[in-house]
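Asks: Shown below is the structure under consideration.
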Amino acid sequence: MTIWGYARCSTNELKQNIDSQIRELKELGCKDETIYIEWESGIKEDRKELDKLFNAIQDYDTIVVVSLDRLSRSLLHFCKLINIIEQRHLKLIVGKSFVVDCTNKKMDIMTETLLKVISIFNELERNMICSRVQRGVNNARAKGVKLGRPKTTYDDIPTIFFHFLPMYNNKTINLTQFSDVTHLSIPTIYKYCEIVKNKRV
């Protein structure tokens, strides 16, 4: 039985957040190759890496997240995931908070209710955040403030990244080692790899 990890942030600018999630997932038993990393909104159901995760897992495997809102911020979507976890006899570990074990039995009604209540608050929190952000954006635009960061280009990538990239591509070093020797965060490495890939296409 494999332990799978899932880390998610809404944007790839939250580097510190995603790195802390990855560290915690490893502390809870996940390995680099079994951790799926994604930068997508939690309200979105169609997420590439989350879909890959649920396609990779086998019955009786374990899924680890640092908090329930990493899986979903939509109550409807979360209920669908709960059904999958139950039907496939999976174990869900939520950080150091609690464990939902469906490997030998169905989820009890109290646990299911608790998960749904938490999901309701996660969705509400997300909606409140979006509302506050939108008000801030509207106020800034009304004052003539230009928003957004300049887009990272191929020429912005540091030389040290290209020095170690062949070793990473050849699997001489893993992702964590690549991050250590370049002093770049894992999300930044993913971003640079994507830019290089698009440049070569």
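Asks: Over the chain, what is the mean sequence separation of C-alpha contacts under 8 Å (at least six apart), divided by residue count, expressed as relative contact order in percent?
Replies: Relative contact order for the chain comes out at 19 percent.
Asks: Still on this model: Among all helices in the chain defined by DSSP H, which have a length of 15 Å or more along the axis from Cα atoms plus a Kyte-Doolittle mean of at least -0.5?
Replies: Details: long enough: 15-27 (18 Å, -1.64); 75-87 (18 Å, 0.97); 109-142 (50 Å, 0.04); 159-169 (16 Å, 0.75); 186-200 (21 Å, -0.53).
Membrane-span-like by this rule: 75-87, 109-142, 159-169.
Asks: Here is a further query. Which residue, chosen from Leu25, Met128, Trp4, occupies the Cα position most advanced towards the positive end of the dipole of the chain, where the dipole is computed from +1 (Lys, Arg) and -1 (Asp, Glu) charges on Cβ about the Cα centre?
Replies: Towards the positive end, the residue furthest out is Met128.
Asks: Give me Cys193, Cys9 sorted ascending by neighbouring Cβ count inside 10 Å, so fewest comes first. Could you put the intermediate results ahead of the total?
Replies: Details: Cys193 16, Cys9 21.
Ordered from fewest to most neighbouring Cβ atoms within 10 Å, Cys193, Cys9 come out as Cys193, Cys9.
Asks: Oh, and also: Quick one: work out the % antiparallel among DSSP beta bridges in the chain, nearest 5.
Replies: Details: 4 of 16 bridges.
So the antiparallel bridges in the chain amount to around 25 percent.
Asks: Then there's this: Could you give the length gained on full extension between Leu76 and Glu49, defined as 0.36 nm per residue of separation minus the Cα-Cα distance, in nm?
Replies: Values: separation 27, 0.36 × 27 = 9.72 nm, distance 1.91 nm.
So the extension gain works out to 7.8 nm.
Asks: Give Lys31/Lys116; Lys48/Lys197; Lys31/Lys171; Lys48/Lys105; Lys116/Lys191; Lys26/Lys48 a once-over and call out the pairs whose C-alpha atoms are over 27 Å from each other.
Replies: Lys31/Lys116; Lys48/Lys105; Lys116/Lys191
Asks: Using the Cα centre as the reference, give the magnitude of the dipole from point charges on the C-beta atoms of the chain (Lys, Arg: +1; Asp, Glu: -1; all else neutral), rounded to the nearest 20 debye.
Replies: Once rounded to the nearest 20, the dipole reads 760 debye.
Asks: Test of understanding: ordering Trp39, Trp4 by Cβ neighbours within 10 Å, fewest first, what list do you get?
Replies: Starting with the residue having the fewest Cβ neighbours, the order is Trp39, Trp4.
Asks: Taking other Cβ within 10 Å of each residue's Cβ, how do Arg88, Arg23 sort, fewest first? Write out the running numbers ahead of the final one.
Replies: Numbers: Arg88 16, Arg23 12.
Final ranking by Cβ density, sparse to dense: Arg23, Arg88.
Asks: Can you say what percent of the DSSP beta bridges in region 22-131, counting only those with both residues inside, are antiparallel? Round to 5.
Replies: If I count the DSSP bridges inside region 22-131, around 50 percent turn out antiparallel.
Asks: In debye, nearest 20, what is the charge dipole magnitude of region 55-171 about its Cα centre with +1 on Lys and Arg Cβ and -1 on Asp and Glu Cβ, if you could check?
Replies: The calculation lands at about 620 debye.
Asks: Using the alpha-carbon centroid of each, what span in Å lies between region 52-114 and region 159-201?
Replies: 32
No lab work stands behind these numbers, since they all come straight from the coordinates. Quick caveat: nothing in here was measured; it's all calculated off a predicted structure. Here the Cβ is made from the backbone with ideal geometry for all residues, glycine too, and neighbour counts use every protein chain on show.
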